[in-house]
Amino acid sequence: MSIPRPMTRDALASAFGGESMAHTRYLVFADIAEREGFGNVARLFRAVAFSELVHARNHLERLRELDTDAKIVAGAPLGPGNTSKNLGLAIRGEEFEVEEMYPVYIEIARAQGERSAEMSFQWALESEKVHAELFKRAKSYVDKGSDMPLEGAVWVCPVCGYTHVGAEAPEKCPVCGAPRNRFKKF
(Lines give C-alpha, C1' and ligand atoms only; values in the text may rest on other atoms or scores of the structure.)
Protein backbone atom coordinates (compact mmCIF):
# COMPACT_ATOMS: atom_id res chain seq x y z
CA MET A 1 0.00 0.00 0.00
CA SER A 2 1.37 3.43 -0.87
CA ILE A 3 0.62 6.92 0.37
CA PRO A 4 -2.65 8.09 -1.19
CA ARG A 5 -2.60 11.18 -3.35
CA PRO A 6 -3.34 14.40 -1.41
CA MET A 7 -7.06 14.78 -2.15
CA THR A 8 -7.75 11.13 -1.40
CA ARG A 9 -5.56 11.31 1.70
CA ASP A 10 -7.54 14.30 2.98
CA ALA A 11 -10.84 12.53 2.27
CA LEU A 12 -9.63 9.43 4.15
CA ALA A 13 -8.49 11.54 7.10
CA SER A 14 -11.80 13.41 7.24
CA ALA A 15 -13.78 10.18 6.95
CA PHE A 16 -11.64 8.67 9.72
CA GLY A 17 -12.41 11.68 11.94
CA GLY A 18 -16.11 11.60 11.22
CA GLU A 19 -16.43 7.85 11.80
CA SER A 20 -14.41 8.08 15.02
CA MET A 21 -16.72 10.78 16.33
CA ALA A 22 -19.80 8.80 15.30
CA HIS A 23 -18.46 5.77 17.17
CA THR A 24 -18.10 7.78 20.39
CA ARG A 25 -21.34 9.69 19.92
CA TYR A 26 -23.34 6.48 19.47
CA LEU A 27 -21.87 4.93 22.61
CA VAL A 28 -22.97 8.01 24.56
CA PHE A 29 -26.41 7.84 22.91
CA ALA A 30 -26.66 4.13 23.84
CA ASP A 31 -26.11 4.94 27.51
CA ILE A 32 -28.84 7.60 27.37
CA ALA A 33 -31.27 5.24 25.63
CA GLU A 34 -30.55 2.56 28.24
CA ARG A 35 -31.27 5.00 31.09
CA GLU A 36 -34.52 6.05 29.42
CA GLY A 37 -35.71 2.43 29.13
CA PHE A 38 -35.09 1.94 25.41
CA GLY A 39 -32.98 -1.22 25.64
CA ASN A 40 -33.32 -2.21 21.99
CA VAL A 41 -32.45 1.29 20.80
CA ALA A 42 -29.42 1.18 23.10
CA ARG A 43 -28.43 -2.15 21.54
CA LEU A 44 -28.87 -0.66 18.07
CA PHE A 45 -26.69 2.33 18.96
CA ARG A 46 -23.96 0.00 20.31
CA ALA A 47 -24.04 -2.15 17.18
CA VAL A 48 -23.86 0.86 14.89
CA ALA A 49 -21.06 2.31 17.04
CA PHE A 50 -19.10 -0.88 16.32
CA SER A 51 -19.85 -0.51 12.61
CA GLU A 52 -18.54 3.07 12.70
CA LEU A 53 -15.38 1.80 14.41
CA VAL A 54 -14.92 -0.67 11.55
CA HIS A 55 -15.24 2.19 9.05
CA ALA A 56 -12.76 4.34 10.97
CA ARG A 57 -10.30 1.46 11.15
CA ASN A 58 -10.63 0.77 7.42
CA HIS A 59 -10.02 4.42 6.52
CA LEU A 60 -7.07 4.67 8.92
CA GLU A 61 -5.54 1.48 7.49
CA ARG A 62 -5.38 3.14 4.08
CA LEU A 63 -3.26 5.91 5.68
CA ARG A 64 -0.74 3.44 7.13
CA GLU A 65 2.23 4.72 5.14
CA LEU A 66 1.84 8.29 6.40
CA ASP A 67 4.15 9.62 9.09
CA THR A 68 2.79 13.09 9.72
CA ASP A 69 0.39 15.12 11.78
CA ALA A 70 -2.92 16.01 10.18
CA LYS A 71 -5.67 18.47 10.85
CA ILE A 72 -8.92 16.66 10.25
CA VAL A 73 -12.06 18.41 9.12
CA ALA A 74 -15.13 16.35 9.91
CA GLY A 75 -18.64 17.46 10.68
CA ALA A 76 -20.70 15.97 13.47
CA PRO A 77 -24.23 16.65 14.69
CA LEU A 78 -23.61 17.60 18.31
CA GLY A 79 -25.73 18.39 21.36
CA PRO A 80 -26.87 15.11 22.87
CA GLY A 81 -30.25 15.10 24.51
CA ASN A 82 -32.97 12.54 25.02
CA THR A 83 -33.20 9.44 22.83
CA SER A 84 -35.56 11.03 20.33
CA LYS A 85 -33.21 13.97 19.81
CA ASN A 86 -30.20 11.66 19.62
CA LEU A 87 -31.87 9.53 16.95
CA GLY A 88 -32.60 12.71 15.00
CA LEU A 89 -28.93 13.70 15.24
CA ALA A 90 -27.90 10.20 14.15
CA ILE A 91 -30.26 10.30 11.16
CA ARG A 92 -28.86 13.68 10.06
CA GLY A 93 -25.30 12.40 10.32
CA GLU A 94 -26.01 9.19 8.42
CA GLU A 95 -27.97 11.00 5.69
CA PHE A 96 -25.10 13.47 5.22
CA GLU A 97 -22.69 10.58 4.73
CA VAL A 98 -25.06 8.82 2.29
CA GLU A 99 -26.16 11.84 0.26
CA GLU A 100 -23.06 14.02 0.25
CA MET A 101 -19.86 12.84 1.91
CA TYR A 102 -19.25 9.32 0.64
CA PRO A 103 -20.47 9.87 -2.94
CA VAL A 104 -17.96 12.74 -3.27
CA TYR A 105 -15.14 10.82 -1.57
CA ILE A 106 -15.77 7.83 -3.84
CA GLU A 107 -15.50 10.06 -6.92
CA ILE A 108 -12.28 11.63 -5.64
CA ALA A 109 -10.70 8.23 -5.01
CA ARG A 110 -11.94 6.91 -8.36
CA ALA A 111 -10.61 9.95 -10.26
CA GLN A 112 -7.22 9.52 -8.58
CA GLY A 113 -7.06 5.77 -9.18
CA GLU A 114 -7.04 5.03 -5.44
CA ARG A 115 -8.90 1.70 -5.55
CA SER A 116 -8.30 0.77 -1.91
CA ALA A 117 -9.70 4.09 -0.66
CA GLU A 118 -12.63 3.85 -3.08
CA MET A 119 -13.48 0.41 -1.68
CA SER A 120 -13.27 1.66 1.93
CA PHE A 121 -15.59 4.55 1.11
CA GLN A 122 -18.01 2.29 -0.80
CA TRP A 123 -18.21 -0.20 2.06
CA ALA A 124 -18.97 2.61 4.51
CA LEU A 125 -21.59 4.13 2.20
CA GLU A 126 -23.51 0.86 1.93
CA SER A 127 -23.51 0.48 5.73
CA GLU A 128 -24.61 4.07 6.33
CA LYS A 129 -27.68 3.55 4.14
CA VAL A 130 -28.79 0.74 6.47
CA HIS A 131 -27.99 2.79 9.59
CA ALA A 132 -30.12 5.72 8.43
CA GLU A 133 -33.12 3.45 7.85
CA LEU A 134 -32.70 1.65 11.19
CA PHE A 135 -32.45 4.95 13.06
CA LYS A 136 -35.56 6.30 11.29
CA ARG A 137 -37.46 3.17 12.30
CA ALA A 138 -36.24 3.44 15.89
CA LYS A 139 -37.24 7.11 16.07
CA SER A 140 -40.77 6.34 14.90
CA TYR A 141 -41.20 4.06 17.94
CA VAL A 142 -39.41 6.27 20.46
CA ASP A 143 -41.51 9.28 19.42
CA LYS A 144 -44.60 7.22 20.35
CA GLY A 145 -43.06 6.36 23.73
CA SER A 146 -42.09 2.76 23.04
CA ASP A 147 -38.90 0.84 22.41
CA MET A 148 -38.06 -0.33 18.93
CA PRO A 149 -38.85 -4.02 18.41
CA LEU A 150 -35.91 -5.96 17.02
CA GLU A 151 -36.55 -9.25 15.24
CA GLY A 152 -33.55 -11.16 16.53
CA ALA A 153 -30.11 -9.70 16.94
CA VAL A 154 -28.21 -6.87 15.32
CA TRP A 155 -25.27 -8.32 13.36
CA VAL A 156 -22.27 -6.32 12.17
CA CYS A 157 -19.65 -7.41 9.66
CA PRO A 158 -16.22 -6.71 11.19
CA VAL A 159 -14.67 -6.37 7.73
CA CYS A 160 -16.84 -3.64 6.18
CA GLY A 161 -19.32 -2.61 8.90
CA TYR A 162 -22.46 -3.82 7.12
CA THR A 163 -25.32 -4.02 9.65
CA HIS A 164 -28.15 -6.56 9.58
CA VAL A 165 -31.12 -7.24 11.88
CA GLY A 166 -32.43 -10.79 12.05
CA ALA A 167 -32.38 -14.16 13.75
CA GLU A 168 -29.10 -14.97 12.00
CA ALA A 169 -26.41 -13.07 10.19
CA PRO A 170 -26.57 -13.34 6.40
CA GLU A 171 -24.85 -16.39 4.87
CA LYS A 172 -22.24 -13.97 3.56
CA CYS A 173 -21.93 -10.20 3.79
CA PRO A 174 -23.72 -8.62 0.82
CA VAL A 175 -21.15 -5.80 0.77
CA CYS A 176 -17.74 -7.46 1.18
CA GLY A 177 -18.48 -11.19 1.03
CA ALA A 178 -17.29 -12.03 4.57
CA PRO A 179 -18.77 -15.32 5.83
CA ARG A 180 -21.54 -15.49 8.45
CA ASN A 181 -19.23 -16.74 11.19
CA ARG A 182 -17.28 -13.47 11.11
CA PHE A 183 -20.28 -11.29 12.05
CA LYS A 184 -20.44 -9.79 15.53
CA LYS A 185 -23.76 -10.21 17.34
CA PHE A 186 -25.43 -7.49 19.42
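The values are calculated or read from the model by the stated rules, or taken from the named source; none is laboratory data. Predicted, not measured: the structure shown is a model, and the values here were computed from it. As a convention, Cβ positions derive from the backbone with ideal geometry for all residues, glycine included, and neighbour counts pool all protein chains shown.
Considering only the range 112-123, I want to know if a residue exists there that is among the charged types (D, E, K, R), touching a residue at least 40 places away in the same chain (Cβ under 8 Å) and in contact with a helix residue (DSSP H, G or I) (Cβ under 9 Å, 6 or more places away or on another chain). Yes, that holds for at least one residue. Scanning the range 137-173 for residues that are free of Cβ contacts under 8 Å to residues at least 40 places away in the same chain and part of a loop (DSSP other than H, G, I, E, B) turns up Lys144, Gly145, Ser146, Glu151, Gly152, Ala167, Glu168, Ala169, Pro170, Glu171, Cys173.
Counting the residues of the range 74-97 that are over 17 Å from the mean Cα position of the chain (by Cα) and either in contact (Cβ under 8 Å) with a residue 24 or more places away in the chain or more than 14 Å from Phe135 (Cα to Cα) (or both) gives 6. Mind checking whether some residue in the range 22-41 is assigned to a loop (DSSP other than H, G, I, E, B) and either charged (D, E, K, R) or in contact with a Phe, Trp or Tyr (Cβ under 9 Å, 6 or more places away or on another chain) (or both)? For the range 22-41, residues assigned to a loop (DSSP other than H, G, I, E, B) and either charged (D, E, K, R) or in contact with a Phe, Trp or Tyr (Cβ under 9 Å, 6 or more places away or on another chain) (or both): present.
Going by the structure shown, is Glu65 touching a residue at least 60 places away in the same chain (Cβ under 8 Å) and buried (at least 18 other Cβ atoms within 10 Å of the Cβ)? Criteria not met by Glu65. Restricting Ala56, Ala11 to those that are buried (at least 20 other Cβ atoms within 10 Å of the Cβ), under 16 Å from Val156 (Cβ atoms) and in contact (Cβ under 8 Å) with a residue 24 or more places away in the chain reduces the list to Ala56.
The single residue among Ala167, Ala178, Ala153, Ala138 that is within 20 Å of Asn58 (Cα to Cα) and more than 12 Å from the chain's Cα centre (by Cα) turns out to be Ala178. Selection of first residues in the range 20-39 that are surrounded by fewer than 21 Cβ atoms within 10 Å (Cβ to Cβ) and of second residues that are in a loop (DSSP other than H, G, I, E, B), restricted to Cβ pairs under 6 Å at least 6 apart or on distinct chains, gives the following pairs, ordered by first then second residue: Met21/Ala76; Val28/Pro80. Scanning the range 68-89 for residues that are surrounded by fewer than 10 Cβ atoms within 10 Å (Cβ to Cβ) and hydroxyl-bearing (Ser, Thr, Tyr) gives a single hit, Thr68. Can you tell me how many residues within the range 119-158 are in contact with a strand residue (DSSP E or B) (Cβ under 6 Å, 6 or more places away or on another chain), more than 30 Å from Ala109 (Cα to Cα) and of a type in the set (Val, Ile, Thr)? Adding up the residues that qualify gives 1. The residue of the range 127-186 that is surrounded by the fewest Cβ atoms within 10 Å (Cβ to Cβ), among those that are at pLDDT below 95 and more than 17 Å from Leu87 (Cα to Cα), is Glu151.
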